[in-house]
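Only one structure is covered here, and it is reproduced in the block below.
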Amino acid sequence: MYAYTGRILHIDVTNRKTSIQRVGPDFIKKYLGGTGLATRLVYDNTPKGCDPLGPENALCFAVSAFAGTTVPVGTKHGVAAKSPLTGFIGDSLSGSYFSEMMRRAGYDGIVIKGQAPKWVVVFIDDDDIQFLDAAPYMGMNTLETQRAIRERLGDENVRVSAIGPAGERLVRYALIDNDGRQAGRSGNGAVMGSKRIKAIAIRGSHPITVADPKGLMEASLRLIKASRGPGTLKYRTLGTPANVLNLNKMGLLPTRNFQETVFEEAEKVSGEYLHERYHVKSVACAGCSIACEQWGAVKEGKYKGAMIGLDYEPLFAVGPNCGIGDMAAIIRLVQLCDEYGLDAMSTGVVISWAMECYERGILTKEDFGGLEPYFGNDDAAVELVRRIAYREGIGDLLAEGVKRASERVGKGSEHFAMHVKGLEMPGYDVRSLKTFALGIAVVARGADHNRALSYEVDIKGEVDRFKAEPGRGKLAMEKEDFACILDCLVLCKFLRNCFTDFEREVAEIYTMATGIPLTPEELKQVGERVVNLKKAFNIREGWTMADDWLPPRVLEDPLPSGPGKGVRVTPEELRMLIQDYYAARGWTPEGLIPKSKLIALGLEDIAEEIGVEEPVAAPAAGEA
Amino acid sequence: MAQPVYEHIICDPAKCTGCRLCEYACAMVKTGKFDANLSRIRVVRIEPITMTAIACRLCADAPCIIACPRNALSRSEKNGVILVDQDKCDGCGWCIEACDFGAIVLNPETKNAEICDLCQDLEGEPPCIAYCPVEALSLGTPETLRQKARREVVAKLFEELFKE
Amino acid sequence: MELVVEFFGLARQLAQTKECRIALDGQPSFRQILAHIAGQFPALVGPVILPETFDLVSSYMLNLDGRRRVTDLDAPAAEGQRLLLMFTEAGG
């Protein structure tokens with residue numbers, strides 16, 4: 001095989017057993033790599049109903065078909081497991097050096113099960129798998145851990161995925177960091193922590209060969225040039241923080257725990273402001289020609305010395321959403337989240353919920369151990385991030401995520417617990433984005449913009465974003481499938497507007513790299529297949545229709561101001577949209593997948609397990 | 001007559017994003033495989049934001065040539081690159097030790113030292129430059145570097161004056 | 001007729017201002033307004049506003065009052081509107 005190795009490494013950390021599973025082109029081309037292959041590995045290697053933080057959950061890595069090659073922004077990998085936040089599929093993406101080394105060590109995927117008796121560092125050195133004592137690294141933050149392991153092993157080619165203090169303490173939204181990039185969402189860092197794995201170090205010595213080197217080099221160069229064009233202008237100019245002012249002007253910027261969507265201090269936390277006052281460098285992941293990551297440094301004041309690569313989602317979550325209008329504080333907060341190994345998006349939304357609880361008197365100063373976390377109190381936010389990471393005091397409750405925390409606290413706090421399926425909301429208020437409201441309600445991993453992607457049609461004005469109407473189901477489906485293809489390949493989403501004929505061009509590049517024939521139609525079907533696979537996993541793990549729903553605030557509280565003033569998503573609208581989506585997908589009105597559908601997608605084994613018989617269509621009135 | 005001056009690959013650290021596409025391209029062009037360890041240009045990334053790429057600098061009094069016990073290294077009269085005589089080189093690695101820039105590769109397959117030759121056998125610009133997405137790489141001599149630095153500092157001075 | 005144009009991202013960097021007030025006679029179209037802006041801020045011509053046609057580059061859009069995207073540049077603008085010149089790309 002070219003590019004791929006056809007090998008999946010299985011590791012059981014309980015008894016330190018390893019084995020190699022061979023996979024052929026027919027299998028791999030159904031899932032490609034990334035989150036697709038990782039999800040399939042989770043499906044196959046977790047028993048139904050397993051505890052996400054128990055030894056039976058499988059933590060699965062799968063690398064991009066393009067890792068370590070000149071195909072731009074293709075050096076990425078997916079990580080998946082049963083999510084400790086949602087109990088459903090938890091798939092996240094990261095990229096850079098680790099991805100390349102995983103492929104070069106000789107693996108398309110890695111499946112890790114069990115629970116080590118003592119904390120370990122798993123060192124994968126080509127075919128040699130070692131279990132190192134993790135004691136010297138315990139308590140270190142994510143980046144310190146990577147550096148220390150590299151120093152001990154004495155080779156820069158050793159690349160490390162590590163958890164921080166939050167992952168060690170099983171914070172349900174802990175992340176896995178490699179090379180300063182994160183597999184951030186859905187709590188895979190907690191899954192790694194539950195297995196008592198502090199880090200996975202990997203070194204590969206195998207070169208990567210491709211089927212058509214000349215073709216691939218030429219195609220890469222074309223794509224590199226395209227990636228410097230208008231399709232990525234935003235990412236190259238201000239990076240994703242450019243969203244702040246745009247979304248604020250459109251009344252979409254979640255402010256003070258989604259109570260408002262226009263933030264009065266937006267200018268001071270904008271991408272424009274970041275660039276003018278704090279920007280030090282634009283940085284790329286390995287193999288990326290775009291370099292969207294905007295590094296900002298604080299040079300004075302109480303956060304002097306703070307520095308981080310800032311993206312919109314963490315920025316919104318710990319900034320406007322917590323009422324914080326100080327860019328220096330935001331830089332510090334995101335840096336802390338990255339270092340402790342916390343998903344900054346979930347962390348911000350959890351803290352904003354806690355702040356609202358405090359302001360409404362549901363939680364008191366005593367509950368917070370003397371803190372007064374009113375909206376905008378950045379000192380309190382900094383301290384809460386620390387307490388969450390170490391599960392100290394109220395941090396132990398907040399570490400459970402906003403769904404569990406609000407269920408425990410009660411007193412009406414569920415009304416403003418901003419999550420879907422247990423995953424905290426991203427930085428787009430969905431009340432005036434009706435297509436995206438649907439997308440986020442139904443997507444398998446919970447409240448997530450990257451998997452749903454349908455905010456695009458609303459914001460770009462391809463549809464009337466204030467209107468819920470039939471047809472949005474198909475749109476939401478198409479965007480979700482498209483996003484899924486990118487996540488399986490893997491290609492970064494920021495490359496998505498650099499193609500003129502996406503499926504054809506990408507299928508060609510795929511075949512040049514792997515030698516595996518792939519038609520544009522087959523590529524398209526991968527997206528649909530993997531979305532159905534994720535849904536199938538959720539169904540197996542107890543999904544019901546009630547899980548495809550939005551937080552009460554979105555359904556009951558009209559927007560108080562801004563261009564969307566007075567707007568909400570009504571339950572009737574949402575029900576209609578969801579039925580429209582299920583129908584577009586060929587699912588039953590109950591959201592289940594017919595056997596025939598799964599079989600058509602090449603998921604015969606899954607059809608047997610969770611597929612339902614085709615519903616018999618009721619004869620239309622008057623025809624009988 | 002003045003000493004001949006030769007161009008080598010230079011990297012602007014302010015522009016370099018650390019993406020390593022130059023390494024992937026170099027390795028493929030030179031070995032037919034993607035293996036950054038065999039790339040003759042290497043990206044150094046001191047986390048998180050300090051980065052640049054380094055290839056052979058064609059030192060005037062090249063220590064690698066002096067260090068080689070087998071006289072396998074010599075300088076091309078045409079463009080100044082360090083040539084490795086494949087028959088003489090036995091991969092002992094003295095040149096690697098002598099190089100202050102870590103710019104020499106020992107290829108485990110050929111057992112030879114390999115050094116950036118500016119892809120003189122190819123038409124057009126060297127692939128590392130072509131594949132650099134941010135125009136951080138270019139060909140330059142010590143003199144062009146000096147000129148560039150002087151221009152930049154004066155431009156900055158002028159800008160400051162203008163601002164006042 | 002008077003209205004306000006606000007600049008974001010690259011447009012703001014190039015225009016070196018956050019917004020400008022525009023007064024034009026009659027009922028100008030959005031395209032005529034873009035032509036006017038191009039005259040006032042020549043740095044925008046090329047990177048944001050295309051010369052001659054006064055179309056926007058594909059990475060930029062004109063949003064009306066934060067409510068909707070202007071899809072027809074030849075439609076007339078109205079008194080008191082706020083035109084937002086922002087990146088089309090919505091991704092985070």
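The values are calculated or read from the model by the stated rules, or taken from the named source; none is laboratory data. None of the values given here were measured: they were computed from a predicted structure. When we count neighbours, we look across all protein chains shown, and the Cβ atoms used for this are built from the backbone with ideal geometry, even at glycine.
Kindly indicate whether any position in region B:85-96 is under 20 Å from A:Thr69 (Cα atoms), of a type outside the set (Phe, Trp, Tyr), away from every other protein chain (no Cβ under 11 Å) and touching a Cys at 6+ places or on another chain (Cβ under 7 Å). Taking every residue of region B:85-96 in turn, none turns out to be under 20 Å from A:Thr69 (Cα atoms), of a type outside the set (Phe, Trp, Tyr), away from every other protein chain (no Cβ under 11 Å) and touching a Cys at 6+ places or on another chain (Cβ under 7 Å). In summary, B:Ala55 fulfils each of the numbered conditions (1) within 13 Å of another protein chain (Cβ to nearest Cβ); (2) under 15 Å from the mean Cα position of the chain (by Cα) with the single exception of condition (1).
Among the residues making up region A:327-359, those that are without any contact (Cβ under 8 Å) to a residue 60 or more places away in the chain and more than 23 Å from A:Asn188 (Cβ to Cβ) are A:Met327, A:Ala328, A:Ala329, A:Ile331, A:Arg332, A:Ala354, A:Cys357, A:Tyr358, A:Glu359. Scanning region A:489-539 for residues that are hydroxyl-bearing (Ser, Thr, Tyr) and farther than 27 Å from A:Asn45 by Cβ yields A:Thr500, A:Thr511, A:Thr519. Search region C:57-72 for residues being touching a residue at least 24 places away in the same chain (Cβ under 8 Å) and buried (at least 18 other Cβ atoms within 10 Å of the Cβ), and hand back the single one that is nearest to A:Ser227 (Cα to Cα). That would be C:Ser59.
Applying the set (1) under 27 Å from B:Ala60 (Cα atoms); (2) within 12 Å of another protein chain (Cβ to nearest Cβ) to B:Val5 leaves exactly one unmet item: (2).
Let's see how each residue does on (1) touching a Leu at 6+ places or on another chain (Cβ under 6 Å); (2) within 20 Å of A:Gly68 (Cα to Cα); (3) within 14 Å of another protein chain (Cβ to nearest Cβ):
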{"site": "A:Ser92", "(1), (2), (3)": "no, yes, no"}
{"site": "A:Ser99", "(1), (2), (3)": "no, yes, yes"}
{"site": "A:Gln115", "(1), (2), (3)": "no, no, no"}
{"site": "A:Asp127", "(1), (2), (3)": "no, yes, no"}
{"site": "A:Ala134", "(1), (2), (3)": "no, no, no"}
{"site": "A:Thr142", "(1), (2), (3)": "no, no, yes"}
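Selection of region A:236-245 for residues being within 8 Å of chain C (Cβ to nearest Cβ) and without any contact (Cβ under 8 Å) to a residue 60 or more places away in the chain yields A:Thr237, A:Leu238, A:Leu245.
Answer yes or no as to whether B:Asp117 is exposed (fewer than 13 other Cβ atoms within 10 Å of the Cβ), of a type outside the set (A, V, I, L, M, F, W, C) and within 14 Å of the chain's Cα centre (by Cα).
On the way: exposed (fewer than 13 other Cβ atoms within 10 Å of the Cβ): no; of a type outside the set (A, V, I, L, M, F, W, C): yes; within 14 Å of the chain's Cα centre (by Cα): yes.
Spelling it out, it is not the case that B:Asp117 is exposed (fewer than 13 other Cβ atoms within 10 Å of the Cβ), of a type outside the set (A, V, I, L, M, F, W, C) and within 14 Å of the chain's Cα centre (by Cα).
When the residues of region B:1-28 are filtered to those that are surrounded by fewer than 20 Cβ atoms within 10 Å (Cβ to Cβ) and hydrophobic (A, V, I, L, M, F, W, C), which remaining residue is modelled with the lowest pLDDT? The selected residue is B:Met1.
Restricting attention to region A:153-179, which residues are under 19 Å from A:Arg103 (Cα atoms) and of a type outside the set (S, T, N, Q)?
Listed by number, the residues that qualify are A:Asp155, A:Glu156, A:Val158, A:Arg159, A:Val160, A:Ala162, A:Ile176, A:Asp177, A:Asp179.
If I filter region A:325-342 for residues that are within 14 Å of chain C (Cβ to nearest Cβ) and touching a Pro at 6+ places or on another chain (Cβ under 6 Å), do I get at least one hit? Yes, region A:325-342 contains at least one residue that is within 14 Å of chain C (Cβ to nearest Cβ) and touching a Pro at 6+ places or on another chain (Cβ under 6 Å).
For A:Gly412, the conditions (1) surrounded by fewer than 24 Cβ atoms within 10 Å (Cβ to Cβ); (2) not assigned by TED's automatic domain parsing to the domain that holds A:Leu247 are fulfilled apart from (2). For region A:48-80, filtering for residues that are away from chain B (no Cβ under 14 Å) and either closer than 13 Å to A:Ala183 by Cα or at pLDDT below 95 (or both) leaves 8. The condition of being touching a Lys or Arg at 6+ places or on another chain (Cβ under 6 Å), at pLDDT 95 or above and not acidic (Asp, Glu) holds for only one of A:Phe368, A:Phe416, that being A:Phe416. Consider region B:36-52 and keep the residues that are more than 10 Å from chain A (Cβ to nearest Cβ) and among the polar types (S, T, N, Q). The one that is nearest to B:Pro13 (Cα to Cα) is B:Thr52. The numbered conditions (1) free of Cβ contacts under 8 Å to residues at least 40 places away in the same chain; (2) over 29 Å from A:Pro314 (Cβ atoms); (3) basic (Lys, Arg) are all true for C:Arg31 except (1). Test A:Ala166 against the stated conditions and say whether it is at pLDDT 95 or above, assigned by TED's automatic domain parsing to the domain that holds A:Thr39 and buried (at least 24 other Cβ atoms within 10 Å of the Cβ). When the stated conditions are applied, A:Ala166 passes them. Going by the structure shown, is C:Ala11 outside any loop (DSSP other than H, G, I, E, B), touching a residue at least 40 places away in the same chain (Cβ under 8 Å) and either farther than 29 Å from A:Leu433 by Cα or within 14 Å of chain A (Cβ to nearest Cβ) (or both)? The answer is yes for C:Ala11. Filtering region A:198-235 to residues that are facing chain B (nearest Cβ under 10 Å), surrounded by fewer than 21 Cβ atoms within 10 Å (Cβ to Cβ) and within 30 Å of C:Phe8 (Cα to Cα) leaves A:Lys225, A:Arg228.
Looking for whichever is away from every other protein chain (no Cβ under 14 Å), touching a helix residue (DSSP H, G or I) at 6+ places or on another chain (Cβ under 7 Å) and surrounded by 24 or more Cβ atoms within 10 Å (Cβ to Cβ) here; the options are A:Ser186, A:Ser161. Which one fits? If you could, list the steps in order and put the result at the bottom.
Working: A:Ser186 fails: touching a helix residue (DSSP H, G or I) at 6+ places or on another chain (Cβ under 7 Å).
Being away from every other protein chain (no Cβ under 14 Å), touching a helix residue (DSSP H, G or I) at 6+ places or on another chain (Cβ under 7 Å) and surrounded by 24 or more Cβ atoms within 10 Å (Cβ to Cβ) holds for just one of A:Ser186, A:Ser161, which is A:Ser161.
Taken as a whole, region A:314-325 holds at least one residue that is in the same structural domain as A:Ala399 (by TED's automatic domain parsing), under 27 Å from A:Ala67 (Cα atoms), free of Cβ contacts under 8 Å to residues at least 60 places away in the same chain and not in a loop (DSSP other than H, G, I, E, B). Count of region C:23-34 residues, restricted to those that are crowded, with 18+ Cβ neighbours inside 10 Å and in contact with a strand residue (DSSP E or B) (Cβ under 8 Å, 6 or more places away or on another chain), is 3. Suppose we keep only residues that are assigned to a strand (DSSP E or B) and basic (Lys, Arg) within region C:47-92. Which one would you say is farthest from the chain's Cα centre (by Cα)? Only one residue tops the list, namely C:Arg68.
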